[in-house]
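Inspection log for the structure reproduced underneath, given as structure tokens.
Read-outs: derived from the displayed coordinates by stated rules, not from any lab. Keep in mind that what you see is a predicted model, and the values were worked out from it rather than measured. Every residue, glycine as well, gets a Cβ built from its backbone with ideal geometry; the counts of neighbours run over all protein chains shown.
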Amino acid sequence: MGHPSQEAEDRRWRVYWGLVLLTGLLMQIWFWLRSVWIYLDQVALYELGMALVRDGELLPFGKFSTGGTLVPGVVLELLVGLPLLGWFDLRASTLVLSLFHLGATLIISRVLVEDFGWRVATVYLVVFWLSPWRLFHSAFLWETNYLLLPAAAHLVSCRALRTQARFGASALLAATIVVTAQIHGSVLILVIACTILLIRRALHLNFAGVALGTVLGSISLLPTLTALARGIDLPMQSDSAAGLITRLNSVEKALIYWFRLGSLDVGRRFRQSMFCTEPGAGDTVPQPFLCGAVEITQILALASVVVAVVAGWWLLRRSPARQGESGEHSTLAWYREYTIAMFLAVLVAALLSPVLIQGWHVLIALPIACFPVAAWIVHRWPTAGSSLRAIIALFLLWHIPASLLLLGHPMYARPSSAELPRHIAPPELRMLLPDSD
């Protein structure tokens, strides 16, 4: 039974958690309503969904990945097409995407509350749920944007398997990996992380559960397997594999991306803001006040990477759990193991990648990349001086303006003409756009 003071503190932080969740939810809705564009990267996904709507056909493959190989299975087609069957509007599919982000947030919050309490869960909510990285990727169609929910499922299933092999958690972990492989190739990060955790004996699998999860996750591969059995000719793209220099550059970029994911720094997405006058901006009207805010945010965002680096170094230096140890120290030690495994997995996957790594390739690591930052802030705040507290407060509070300023990015910018998104979209997809007011 908890002490009255602890119970009162938990109630207070639970209220803070709810306010942060509501704030992020309102911001999420705003981003979703502003996503009325269909650009080149989205065309293939919407055409994939339209194949299900128009023909009722489950195609054997999804789309070409960045490396020029076909994504197997029907998961992508179902994710895009099923919402369109219910509401014939491009925002139907992005609504499901936004719900994926909400689901990931609620799942992780629940386990953090169980493991560390409401204060850590609330600070994490600010760092992750209000993250410019998350909100930017939350409301336009892109296969990597779906990956936060699989990342959350991977975290909670590995957490359940940290001390003993469990049937249900093993099945969930295996099914998550198989299904995620039908969305994007960055599933390799999850696979490598599992391998590292197994080697470190921080993960214990029930192989009957793994077998069941693999079978269940493979159901959506049946059209692919059927097509291959019939000897279908696979279309190919001629993307060349990366050379050694490119792969080493990818590792360097992945290292930097890891720390940027826990910060406010989304890089060029601020520089591309339509709030500022840029060459080729057309008839866009510059907004000096918002442009100035973007420029200030770029500086603060770059500086915020230091917070992520310091937090990562703090977590790395935490001592590992001793044999038979239990309690919060043991729990934090396991999260340290998981964070290190994911960090190394990002670097190894970058080395193996056939293309130069970009930010979206490592987006699947966003949930755990935010954890060291939240844990460090909660740990450091009680003993921090006034200057450090001011820096931490600014870092947390600036998540809101930093994210909202991304509404000036071309993906979310308000059209200068109601018909402009319709003119840009391919003719076969214009029917998905909302009617002009």
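Once you reduce the range 330-361 and the range 367-437 to the center of their Cα atoms, the two points are 23 Å from each other.
Among S417, S403, the order by Cβ neighbours within 10 angstrom, fewest to most, reads S417, S403. Sorted from longest to shortest, the spans of the Cα atoms of the chain along the three principal axes equal 63, 59, 47 Å.
A Gaussian network model of the chain, with springs between Cα atoms under 10 Å, assigns the largest mean-square fluctuation among L203, L25, L264 to L25. Taking Cβ atoms as reference points and 12 Å as the exclusive limit, the residues near L205 contribute a net charge of +3, counting Lys and Arg as +1 and Asp and Glu as -1.
Extending 7 Å from the Cα toward the beta-carbon at both S416 and L222 defines two label points whose distance is 5.2 nm. Summing Lys and Arg as +1 and Asp and Glu as -1 over all other residues whose Cβ lies under 11 Å from the Cβ of K63 gives a net charge of -4.
Please list, by residue number, everything in the range 137-176 whose backbone N is under 13 Å from a paramagnetic label point 7 Å out along Cα→Cβ of I424. Hits in the range 137-176 for I424 at 13 Å: 140-141.
Any idea what the alpha-carbon Rg over 2.2 N^0.38 Å comes to for the range 323-437? Don't jump to the answer; show the numbers that get you there.
Details: Rg = 21.9 Å, N = 115, 2.2 N^0.38 = 13.4 Å.
Cα Rg divided by the expected 2.2 N^0.38 Å: 1.64.
Counting only GluC sites (Glu not before Pro) that sit in a DSSP loop (anything but H, G, I, E, B) with at most 16 other Cβ atoms within 10 Å, what is the longest stretch of the chain containing none of them? Here the longest run is 58-324. Between E47 and E252, the modelled labels are 3.6 nm apart [label points 7 Å from Cα along Cα→Cβ]. Sorted fewest first by neighbouring Cβ atoms within 10 angstrom, R389, R269 come out as R389, R269. Going by neighbour counts of Cβ atoms within 10 Å, the residues R271, R230 line up, fewest first, as R230, R271. Modelled spin labels at I299 and S330, positioned 7 Å past Cα toward Cβ, are 4.9 nm from each other. Maximal additional length on extending the L198-D55 stretch stands at 47.0 nm, based on 0.36 nm per residue less the C-alpha distance.
Rounded to the nearest whole Hz, the Karplus-based 3J(HN,Hα) values (6.51 cos²θ - 1.76 cosθ + 1.60, θ = phi - 60°) of the range 401-413 follow the sequence x, 4, 6, 5, 5, 5, 5, x, 5, x, 5, 10, 4, with x at glycine and proline.
The phi torsions of the range 7-21, fed into the Karplus equation with coefficients 6.51, -1.76 and 1.60 and a -60° offset, translate into couplings of 5, 5, 5, 4, 5, 5, 5, 5, 5, 4, 4, x, 5, 5, 4 Hz, rounded to whole numbers, with Gly and Pro shown as x. Taking amide H as placed 1.01 Å from N in the peptide plane, R166 has its amide H under 5 Å from the amide H of N206, each at least 5 places away in sequence or on another chain.
Sorted from greatest to least, the principal axis extents spanned by the alpha carbons of the range 34-145 come out as 50, 29, 25 Å.
Applying the Karplus relation 6.51 cos²θ - 1.76 cosθ + 1.60 with θ = phi - 60° to the range 95-111 yields 3J(HN,Hα) values of 5, 4, 4, 4, 5, 4, 5, 4, x, 4, 5, 5, 4, 5, 4, 4, 6 Hz, where x marks Gly and Pro.
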